[in-house]
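Structure first, commentary second.
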Amino acid sequence: MSFDVAFILSTLPAFLKAVGVTLQVGLIAIVTSLLVALVNAAILVYRTPYLQRVVQLYVELARNTPLLIQLFFVYFALPSLGLKISGFAAAIITMTFLGGAYLTEVLRAGVEAVPRAQLESGRSIGLSEAQLLWHVILPQAGLLSLPSLFANFVFLLKETTVVSAVAVPEILYTTKSYIALYYKTYEMLAVLTLICVLLFLPLSLLLRYLEGRLQHGQFGS
């Protein structure tokens, strides 16, 4: 069986469009997850009793249920309650739900690593709790958490393949569609593998670079 290079070339426009969808879903999910994590981190910093328990319950629920099950619940169960949701919207909601939980834990660890003495110093010069949060705690927590944050960003981008289950036309969905239509399994899997390498390998190398700079204290120098 010959390897059909001409067929691969004919599918490139569709795969380029699928890459765009993958990046769109991934980047939106990263931004919304980070916003959720920032709100949760603020709640955990101030130790608001009831809200803190809600955040902890949310984190445990999101991290201990598979993304695919969460996706199916949003896409199939919510419409039965009268909430009609597109596949794309379900993908964003579900990935934000999962990503927000992981990033919350990352920021929580970063916040706990900020020296308490700096907080006391900030209070002694008259900084409000909000000023402490935005000017002292979060900048340092973000810097300390940078490698873990970036690793979770890459993780979320990889997880976009799951949303093919609700017909979001990203790279895996496009691959499966061409295999089902033309039975070009090897060719399509080769294209999928190459795209994943080109997307995720540079990000992994950048993560390793950031970790090295952080370990040697080179940020901000």
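What follows is calculated from the coordinates using simple rules that are stated; it is not laboratory data. Everything numeric here is computed off the predicted structure, so don't read it as measured data. Cβ atoms come from the backbone with ideal geometry, glycine included; neighbour counts cover every protein chain shown.
Taking 20 Å as the straight-line reach from the Cα of residue 17, the lysines in range (excluding those fewer than 8 positions away in the same chain) are 158, 176, 184. With θ taken as phi - 60° and the Karplus curve 6.51 cos²θ - 1.76 cosθ + 1.60 applied, the whole-hertz 3J(HN,Hα) list for segment 60-72 is 5, 5, 5, 7, 10, 10, x, 4, 5, 5, 4, 5, 5 Hz, x standing for glycine and proline. If contacts are Cα pairs under 8 angstrom and at least 6 residues apart, what is the relative contact order of the chain in percent? So the answer I get is 28 percent.
Identify which of 157, 103, 192 has the largest mean-square fluctuation in a Gaussian network model of the chain, with springs joining Cα atoms closer than 10 Å. For the chain, modelled as a Gaussian network with Cα springs under 10 Å, the answer is 192.
Loop-located trypsin sites (Lys or Arg not before Pro) in segment 61-156 (DSSP state not H, G, I, E or B) with no more than 11 neighbouring Cβ atoms inside 10 Å: 84. From the list (1) 21.1, 76; (2) 18.5, 66; (3) 17.1, 49, can you say which value of Rg and Dmax of the Cα atoms in Å was derived from the structure given? Here the calculated entry is (1). Cβ crowding within 10 Å ranks 183, 173 as 183, 173, fewest other Cβ atoms first. One decimal place: the segment residue 182-residue 53 gains 41.3 nm when fully extended, by the rule 0.36 nm per residue minus the C-alpha distance.
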